[in-house]
Amino acid sequence: MNEMLTGKKGQTENSLHRNCFACGSNNGMGLGLKFYKHEDGTVVGSFFADPKFESYSGIIHGGIIATLLDSAMTHCLLMKDIPALTGRLSIKYSTPIRTGTVVKLEARIVDQFHEMFILEGKALVDGKRVASAEAKYRSMKRRVN
């Protein structure tokens with residue numbers, strides 16, 4: 001069964017993440033992303049490539065694609081109630097994402113070393129990989145502000 005980032009595990013979103021540009025519910029200007037967790041821990045979501053996010057005519061801006069992938073990977077951790085900060089993000093752009101398409105996002109945790117997490121994500125259009133990412137995240141759980 002899929003688990004959306006709400007309810008008990010969604011406390012992290014509610015307290016730390018509610019104004020997120022990618023998925024926040026209160027800023028009114030963001031991407032409005034929603035993510036769901038599969039039983040195997042993979043997180044999935046989708047994004048409509050609206051022309052307002054283009055760079056070159058008809059092509060979605062690379063920074064938006066990076067944001068989509070970063071957000072998907074972050075939600076792998078948030079769904080485990082682990083707020084974390086991106087330490088390193090590496091993106092491979094395989095094919096331009098055209099406006100008017102639906103982008104499927106997938107992400108999963110690959111490894112963990114103490115409070116450091118390694119994740120990978122991918123963006124697909126019509127089942128074809130158009131971008132992928134690898135990232136390192138550091139848990140915020142023990143940080144004091």
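The values are calculated or read from the model by the stated rules, or taken from the named source; none is laboratory data. Computed from a prediction, not measured in an experiment: that's the story for all the values here. Heads up, the Cβs are rebuilt from the backbone with ideal geometry, glycines too, and the neighbour counts pull from every protein chain shown.
Structure values in brief
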| quantity | calculated |
| --- | --- |
| Failed item, numbered, when Asp111 is tested on (1) free of Cβ contacts under 8 Å to residues at least 24 places away in the same chain; (2) not in a strand (DSSP E or B) | (2) |
| Filter result for the condition that a residue is touching a residue at least 12 places away in the same chain (Cβ under 8 Å) and more than 14 Å from the chain's Cα centre (by Cα), over Met79, Met140 | Met140 |
| Test: Pro83 is under 22 Å from Gly32 (Cβ atoms), surrounded by fewer than 16 Cβ atoms within 10 Å (Cβ to Cβ) and not small (Gly, Ala, Ser) | no |
| Lone qualifier among Arg108, Arg88, Arg98, Arg129 - being among the charged types (D, E, K, R), touching a strand residue (DSSP E or B) at 6+ places or on another chain (Cβ under 8 Å) and crowded, with 16+ Cβ neighbours inside 10 Å | Arg108 |
| Qualifying residue in the range 39-54 (condition: closer than 21 Å to Ala133 by Cβ, aromatic (Phe, Trp, Tyr) and at pLDDT below 90) | no |
